[in-house]
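Chemist: Mind having a look at this structure? Questions to follow.
Only the coordinates and a few stated rules stand behind these numbers; no lab work does. If you're wondering where the values come from, they're calculated on a predicted model, not measured in any experiment. Reconstructed Cβ throughout: ideal geometry from the backbone, glycine too, with neighbour counts over all protein chains shown.
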Amino acid sequence: MPSFGFLDKLEQFFQTGKFGENSSKSLKKGIKAACKRFIYKDGLLMRPYRGRLLRVVRSEKEIREILTRYHDDNNHAGRERVVREIMLMYYWVGVTETVKNWVKACPVCHSRPPPPPFQPAVLFCLVYGCDASSYAFPELSFHRFPKVEEQRKKWLQVAQRDEASLRTNSYICSRHFEMSCFTLTEEGQLVLSPDAAPTLLPVTAHGNEVSVESGENFRYSNIWKDELKGAAAAAAAAAAAVIDHSAHPVSLSEAALQLQEHQYCLPGPAPDCRAARIVNEHRRRTAVEPGFITYNHIARYLSTRVLPMQGKRSRSALKRMAKRFSLIDGLLMYTRVSPPLRVPRSREEVNSILQQFHDNQGHYGQGICQRQISKHYYWGSLSRDLASWISSCQTCVNRSKRKMIRCSVSKCTNRCGPVERKLGLIFHRYFIYN
């Protein structure tokens, strides 16, 4: 247990303002320094810690009671959890060491069965269309991507992935290497050669994918790129077409089944989200345009003092909102800050602003772009519009390392990679009902 002599002398100094008799210079210096870290309040010695005041424990008996309450009576919790919960209310010198010794000497903790043996993580093959995993195919070997850039590009070309798809746990299975790429060691194990490159394609094909024969010519072929371009063009044509339901008696569910990757998923967006924004302009107006209509009403009210034909409550709210704006040289300005900020009043103007501050200035992240835009412009949905703009920027998507997402459907090999992005596939979380 820790010594409480120093805390006793510190409390005496708080009460009387004097040091004890026969106090050395080093002790006086330590007490003066400790006064900055402790507080004497309501007759108790307190310690500020992360915005809270912790009561300083002053006896070994109280420490034992606290350890019994937070460890023995708390289902024999682990050391880190006990320290974390104690440090919410109490403090004494050497809390962590005391808890460590208490847990180490606990007979119940020693009698617990050992933890289960470590289970190695399941490894997945990153090649598009390959369903191999170390769980389903334990006889296969999995190999990390090389660090040499030229060799890594060859692996990525065969895997139909990009640099943004790579992680520290990205592998290619031995299915995609010829036997000449392996060497036999003295222990009788097959080891991949340092300069080996994958050349074999996955043996599985899904949907309308065209299987390509394996061989050296695949690395220099653009067959999969042509397939992607054709699929993207077909999806864009389908999104741009206007369907007349009276002339086509096909139900919506049947039409959706023809375009979906899985039968129960939602239809994916168009391959280019910015093109989809133009194609589906009539849909987006219902969700976005009311904000700009409000700004137009405010500008009209400030110039002519005429309110729109709305309810009394809506007109009152509009008059209150108009106090934050003013018309300067015919432009609507937000005057709650200095200098005033210009307010865009149409979707086209917002898109030009986002293109100016993001696309034309180095494709920076949302934080930098928003700080720069906020110096000149203001509108209510700035953060939401900027996040949507950056997420649909192909330059940012291709160069950023996004979280690797896999489809959990059996036998489906889709990931959040360049092939899936060009096909317009989207991934949805499972709904968990309590």
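Chemist: Loop-only check: which GluC sites (Glu not before Pro) in region 1-76 are DSSP coil with at most 14 other Cβ within 10 angstrom? Spell out each step's value before the answer.
Modeler: Numbers: sites: Glu11, Glu21, Glu60, Glu62, Glu65; in loops: Glu21.
Of the GluC sites (Glu not before Pro), the ones in loops of region 1-76 whose Cβ has at most 14 other Cβ atoms within 10 Å are Glu21.
Chemist: Give the calculated FRET efficiency between Phe6 and Cys109 to the nearest 0.05, with a Förster radius of 35 Å applied to their Cβ-Cβ distance. Let's see the in-between values first.
Modeler: Numbers: r = 31 Å, r/R0 = 0.89.
Computed FRET efficiency for Phe6 and Cys109 comes out at 0.65.
Chemist: Could you give the distance between the Cα centres of region 285-346 and region 52-73, to the whole Å?
Modeler: Distance between centres, Cα-based: 60 Å.
Chemist: To continue, here is another question. Mean separation of Cα pairs under 8 Å and 6+ residues apart, divided by the residue count of region 5-111: what relative contact order is that in percent?
Modeler: Values: 83 pairs, mean separation 19.0, N = 107.
RCO, region 5-111: 18 percent.
Chemist: Hey, what do the phi angles of region 165-181 turn into as Karplus ³J(HN,Hα) couplings, whole Hz, using 6.51/-1.76/1.60 and θ = phi - 60°, x for Gly and Pro?
Modeler: Result, rounded to whole Hz: 7, 7, 9, 5, 10, 8, 9, 10, 7, 6, 4, 8, 10, 6, 5, 5, 7.
Chemist: Can you list which of the chymotrypsin sites (Phe, Trp or Tyr not before Pro) found in region 65-140 are DSSP loop residues with at most 10 other C-beta atoms within 10 Å? Please list the in-between numbers first.
Modeler: Values: sites: Tyr70, Tyr90, Tyr91, Trp92, Trp102, Phe118, Phe124, Tyr128, Tyr135; in loops: Trp92, Phe118, Tyr128, Tyr135.
Qualifying residues, ordered by number: Phe118.
Chemist: How far apart, in nm, are the 7 Å Cα→Cβ label points at Ile328 and Arg81?
Modeler: The modelled label-to-label distance comes out at 5.8 nm.
Chemist: While we're here: Kindly provide the trypsin sites (Lys or Arg not before Pro) of region 1-89 that DSSP labels as loop, not H, G, I, E or B, and whose Cβ sees at most 16 other Cβ atoms within 10 Å. Write down the numbers at each step before the final one.
Modeler: Numbers: sites: Lys9, Lys18, Lys25, Lys28, Lys29, Lys32, Lys36, Arg37, Lys41, Arg50, Arg52, Arg55, Arg58, Lys61, Arg64, Arg69, Arg79, Arg81, Arg84; in loops: Lys18, Lys36, Arg37, Arg50, Arg58.
In loop regions of region 1-89 (DSSP not H, G, I, E or B), the sparsely surrounded trypsin sites (Lys or Arg not before Pro) are Lys18, Lys36, Arg37, Arg50, Arg58.
Chemist: Label Gln366 and Gln189 with points 7 Å out from Cα along Cα→Cβ: what is the distance between them in nm?
Modeler: According to this spin-label approximation, the distance is 4.5 nm.
Chemist: Then there is this: Long-range amide H contacts for Cys125: which residues qualify at under 5 Å (H placed 1.01 Å from N, peptide plane, sequence gap of 5 or more or a different chain)?
Modeler: Ala132
Chemist: So how far apart, in nm, are the two label points at Ala34 and Leu140 if each is 7 Å from Cα heading toward Cβ?
Modeler: Distance between label points: 6.4 nm.
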